[in-house]
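First up is the structure itself, then whatever we jot down about it.
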């Protein structure tokens, strides 16, 4: 009997097949991984113990005893935490727990977007947002950023230009508080202006706040959701960066009118309950205390990374000191094509995110790269940056050896 | 400022909004819930303790140390378990852990189906499979079942008829081992015939095995995946019925050629890791011992349900004793419209699944209903069936009071 040929049965337009996973790169500067040494393992074990002993039998029902919006104690923690830190006044009924903020992206897109729609997005932005929009056949209009986040003059011009053409964008997607990948924080003045423009043009705001717990000094501007006077904001967040990414727990904050349209698209019979239960138990007692420790550890790694870049790349690597988070957005000399660098570096055991994947503007992204510093050890950060500089020099002639030696003699 | 109106921004064709969750019905005969008293809570607590203490720090990386296919120890347990129980020879590399078998349905559909396609499906089948196909714009051709599962004469006729019209179905979806909702097991002779027909017509088989651990006597025919000689089968399963539904852990078994097409559609950055870790720790030691205890408990509840139906409905309720599982497929007199019964019963605190939602044939489903018996207590089963009979008598005149009394005097 001839073997069945699945390839003839495949739907048209599928993405290329995945490559087999062969482990993380030796020097891994990609992915939103966290620092394994900073994970609050003992407290998570204690939380798992307590909550499973007390409520483990509720795992027998889909949604536990909390229904499709997710474990109620976790939603109640979030309501109080969001009020305390982000100024958001909402109840547990306006929160939907989801399987990581990626499911949040899918649900927001699911209720709002149709093929041919237009959205506004930060020019440098999360790759997963861009790939989703591309798959949905939605046009992403990129707005440039500066050190205070999305530029409001550029946003105003884009909205006016779209309106002239009869196009109302479905939303303005923004990561206003520790932007991915630039690490900027949208200033409060700009938040006011963003809300004003969105109101004027009748456009919803899609606020992705998943890094907002990682502002170095622990203080953050109020969320757009909190500042909005017309209620036209959907707010999403995650425990991936503040606790642990593998848990896959995120959330959406929106009025019931909006959540009630998302729930029928959430056809997964609920997100993983054990994660929700453990976080619901852990967070009220430990979340607040965990964040400063986590931030201190991450800040130290960022310093290590910036020192290593200065040492190895000299002036060839330009970057701003990010206001928080787990990544650094680096500009290399124009001669460097980071997509090509990516391939050569990976062969040398160094994984980086090429900028072209994190920007709506290929020319702007071409010589930029994103470096995630949370996961590698300080030693790996230093050795990885040295290996990357070596590859970059071999492939593109920069950084030159002189600058490197000059830097080194200074340390 | 006027409030933002999200309704003007919604994508066209959304499902109706969800109603607010108000708790489970008092007598809850819907949903694949399990028996909370049969949940192995202590062993799960111990597993969580052990695995988190040993490997908790790996939660800092997406996919733990196992990559996008899921926690490797769990995949290794599955490979050995599937060989032992279902005769499937596969390695951990041919298994993809997913967020419940619902994500498995989405991924299989995602790689194979396009709008306008046709699939073959059991006439009485899982509602979630039918609603997915409807949303995808895929035509579902239903094949009637009898006590040995899908009827092969009807399948042969449907395949021939489709071929005459130039239609090659994308797959034959079947729940062959404890079928949902009929509780039948496809006989081994029919499995051979099904595989022969699928091979002859060049159609893939989509085998949903999520109830196969719940065969009363613990013995099951080999999986279609194991029996296939051309490799044209995709096999999915779940821990929802064998351990706990709220965990949301399922799996797909398929050749790498097929899995490699699914992985790029699994854009969730991995399924919940804590659930996978706990199951990976629990299962090698406890899975096998847990199943017989669970089956004995479920069988007892089924007996309670069948007794209650006999007592309350007499001959008005027809059903076959299912070969395993958590539900009973009940035929009421033709005069009963179970969709209408559903509404009236819910008002009286009794939730049932109307048959029309679980069948490709509305006329066939009209007077049928699915009753899940795993979750309610024996007392709730008896009281719920009595309340249901009362509503049914009031609405449709059956069961008549005489039969009821006659039955009662016999007990």
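Looking across the range B:263-284, the residues that are surrounded by fewer than 24 Cβ atoms within 10 Å (Cβ to Cβ), touching a residue at least 60 places away in the same chain (Cβ under 8 Å), within 9 Å of another protein chain (Cβ to nearest Cβ) and assigned to a helix (DSSP H, G or I) come down to B:263, B:265. Within the range B:1-18, the residues that satisfy the criterion of being assigned to a loop (DSSP other than H, G, I, E, B) and in contact with a helix residue (DSSP H, G or I) (Cβ under 8 Å, 6 or more places away or on another chain) are B:1, B:4, B:10, B:11, B:14, B:15, B:16, B:17, B:18.
For the structure I just gave you, tell me whether residue B:57 is touching a residue at least 24 places away in the same chain (Cβ under 8 Å) and touching a helix residue (DSSP H, G or I) at 6+ places or on another chain (Cβ under 7 Å).
Values: touching a residue at least 24 places away in the same chain (Cβ under 8 Å): no; touching a helix residue (DSSP H, G or I) at 6+ places or on another chain (Cβ under 7 Å): yes.
Taking the combined requirement at face value, the residue does not satisfy it.
Selection of the range B:365-391 for residues being without any contact (Cβ under 8 Å) to a residue 24 or more places away in the chain and either part of a helix (DSSP H, G or I) or in contact with a strand residue (DSSP E or B) (Cβ under 6 Å, 6 or more places away or on another chain) (or both) yields only B:379. The single condition among (1) in contact with a helix residue (DSSP H, G or I) (Cβ under 7 Å, 6 or more places away or on another chain); (2) at the interface with another protein chain (Cβ under 9 Å from one of its Cβ atoms); (3) over 28 Å from residue A:179 (Cβ atoms) that residue A:260 does not meet is (1).
Residue count for the range A:316-364, restricted to those that are assigned to a helix (DSSP H, G or I) and buried (at least 22 other Cβ atoms within 10 Å of the Cβ): 6.
Taking (1) touching a residue at least 40 places away in the same chain (Cβ under 8 Å); (2) farther than 26 Å from residue A:94 by Cβ; (3) out of contact with any helix residue (DSSP H, G or I) (no Cβ under 6 Å at 6 or more places or on another chain) in turn, residue A:181 satisfies each apart from (3). For the range B:119-126, does any single residue satisfy the condition of being out of contact with any strand residue (DSSP E or B) (no Cβ under 6 Å at 6 or more places or on another chain) and away from chain A (no Cβ under 11 Å)? Scanning the range B:119-126, I find at least one residue that is out of contact with any strand residue (DSSP E or B) (no Cβ under 6 Å at 6 or more places or on another chain) and away from chain A (no Cβ under 11 Å), so the answer is yes. Total residues in the range B:25-41 satisfying the condition of being at the interface with chain A (Cβ under 8 Å from one of its Cβ atoms), surrounded by fewer than 18 Cβ atoms within 10 Å (Cβ to Cβ) and in a loop (DSSP other than H, G, I, E, B): the figure is 0.
So, in the range B:42-57, of the ones that are within 7 Å of chain A (Cβ to nearest Cβ) and surrounded by 21 or more Cβ atoms within 10 Å (Cβ to Cβ), which residue ends up nearest to residue A:326 (Cα to Cα)? So that I can check it myself, show each step before the final result.
Here is the first cut: in the range B:42-57, the residues within 7 Å of chain A (Cβ to nearest Cβ) are B:44-45, B:48-49, B:52-53, B:56-57.
Checking which are surrounded by 21 or more Cβ atoms within 10 Å (Cβ to Cβ) leaves us with B:44, B:48, B:52, B:56.
Values: B:44: 34, B:48: 28, B:52: 24, B:56: 20 Å.
Among them, the one singled out is B:56.
One residue alone among A:105, A:130, A:145 is within 23 Å of residue A:16 (Cα to Cα) and touching a strand residue (DSSP E or B) at 6+ places or on another chain (Cβ under 7 Å), and that residue is A:130. Hey, could you check the range A:242-257 for residues that are at the interface with another protein chain (Cβ under 7 Å from one of its Cβ atoms), touching a residue at least 24 places away in the same chain (Cβ under 8 Å) and part of a helix (DSSP H, G or I) and say which is surrounded by the most Cβ atoms within 10 Å (Cβ to Cβ)? Selected residue: A:245. Only residues that are more than 8 Å from every other protein chain (Cβ to nearest Cβ), under 20 Å from residue A:268 (Cβ atoms) and buried (at least 22 other Cβ atoms within 10 Å of the Cβ) were counted in the range A:67-96, giving 7. Residues that are within 28 Å of residue A:297 (Cβ to Cβ) and surrounded by fewer than 23 Cβ atoms within 10 Å (Cβ to Cβ) within the range A:189-238 comprise A:215, A:216, A:217, A:218, A:219, A:220, A:221, A:222, listed in sequence order. Assess whether residue B:105 counts as being away from every other protein chain (no Cβ under 13 Å) and buried (at least 23 other Cβ atoms within 10 Å of the Cβ). Considered against the rule, which asks whether it is away from every other protein chain (no Cβ under 13 Å) and buried (at least 23 other Cβ atoms within 10 Å of the Cβ), residue B:105 comes out as no.
Can you confirm whether the range A:301-316 contains a residue that is closer than 22 Å to residue A:213 by Cα and free of Cβ contacts under 8 Å to residues at least 24 places away in the same chain? Within the range A:301-316, one or more residues are closer than 22 Å to residue A:213 by Cα and free of Cβ contacts under 8 Å to residues at least 24 places away in the same chain. Among the residues of the range B:287-315, those identified as within 14 Å of another protein chain (Cβ to nearest Cβ), surrounded by 16 or more Cβ atoms within 10 Å (Cβ to Cβ) and closer than 14 Å to residue B:242 by Cβ are B:290, B:294, B:298.
One line per residue, one yes/no per condition, for (1) within 14 Å of chain B (Cβ to nearest Cβ); (2) touching a helix residue (DSSP H, G or I) at 6+ places or on another chain (Cβ under 6 Å):
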site: A:160; (1), (2): no, no
site: A:193; (1), (2): no, yes
site: A:204; (1), (2): yes, yes
site: A:220; (1), (2): no, yes
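Residue A:137 passes every criterion in (1) out of contact with any strand residue (DSSP E or B) (no Cβ under 8 Å at 6 or more places or on another chain); (2) more than 13 Å from chain B (Cβ to nearest Cβ); (3) more than 18 Å from residue A:234 (Cα to Cα) apart from (2).
The residues in the range A:42-69 that are within 14 Å of residue A:281 (Cβ to Cβ) and not in a helix (DSSP H, G or I) can be counted, and the count is 2.
Remark: residue A:63 falls outside the filter, which requires a residue to be in contact with a strand residue (DSSP E or B) (Cβ under 7 Å, 6 or more places away or on another chain) and either assigned by TED's automatic domain parsing to the domain that holds residue A:282 or at pLDDT below 95 (or both).
The values are calculated or read from the model by the stated rules, or taken from the named source; none is laboratory data. Being a predicted model, the structure only gives us computed values, none of them experimental. Methodologically, a virtual Cβ is constructed for each residue, glycine included, from the backbone with ideal geometry; neighbour enumeration extends over all protein chains shown.
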